[in-house]
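S.K.: One structure is given below, represented as structure tokens, and several questions about it will come after.
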Amino acid sequence: MRGQHSAAGETAYARNLNEYNAVALELSRCRKPFLMRGLYSDMLMDGVAPNFFTFHAAITACMRAGRLHDVIFFFNQMKARGITPDRYMFNCVMSACSRSGHTDRAFRVAEEMQAAGFAGNIRTFQALLSACSASGRHIEA
């Protein structure tokens, strides 16, 4: 989904943060997470700084599609830009790790979540239990 860039360098489908976020939400709704990185790249080329909602849409869509590498990419980009993930974002990343069989990574994210000051909730424990179960680590569960 490469935007057609105008002479000013802007894409034809989005001109500002609100429009980019609307496109990201629509990609999530239409289950097209494989286009999120292109959208993100266009956004940066247009000089538009992503915000919490941009990353929320990208991480949620990629998690639902089982695209762990994209979930991790956007999660790391979010933190690199100084945007603090909330409990929901941490749980999405843990869930993506769990679904992909990356139990150790799910537990590292849980530790990072605690270090950020968030206590686990039912979704946190579901993700970690699923990760343990999927990898045969029933004793840890």
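S.K.: Just the number, please: carbon plus sulfur as a percent of the accessible area of the chain, 1.4 Å probe, no ligands or DNA/RNA counted.
M.R.: 53
S.K.: Moving to a separate point now. Would you give the gap between the C-alpha center of the range 108-124 and the C-alpha center of the range 33-48, rounded to a whole Å?
M.R.: Using only Cα atoms, the two centres lie 29 Å from each other.
S.K.: Please report the relative contact order for the chain, taking Cα pairs under 8 Å with a sequence separation of at least 6, and give it as a percent rounded to a whole number. List each step's numbers first, then the result.
M.R.: Working: 171 pairs, mean separation 23.1, N = 141.
Relative contact order here is 16 percent.
S.K.: On a 0 to 90 degree scale, rounded to 10, what angle separates helix 68-80 from the longest Cα axis of the chain?
M.R.: Helix 68-80 and the main axis of the chain meet at about 70 degrees.
S.K.: Leaving out ligands and nucleic acids, note down the accessible area per residue over the range 31-141 with a 1.4 angstrom probe, in whole Å².
M.R.: Details: 5590 Å² over 111 residues.
Computed with neighbouring chains in place, this is 50 Å² per residue.
S.K.: Compute the long axis of helix 36-45 from its Cα atoms, compare it with the longest principal axis of the Cα atoms of the chain, and write down the angle in degrees, 0 to 90, nearest 10.
M.R.: The helix 36-45 is inclined about 50 degrees to the chain.
S.K.: Taking the Cα atoms only, what angle lies between the long axis of helix 17-29 and the longest principal axis of the chain, rounded to 10 degrees?
M.R.: Between helix and principal axis, roughly 50 degrees.
The values are calculated or read from the model by the stated rules, or taken from the named source; none is laboratory data. Remember, predicted model here, so these are calculated numbers, not experimental data. With ligands, DNA and RNA removed, areas are computed over all heavy atoms of the protein, side chains included. Shrake-Rupley method; radii C 1.70, N 1.55, O 1.52, S 1.80 Å.
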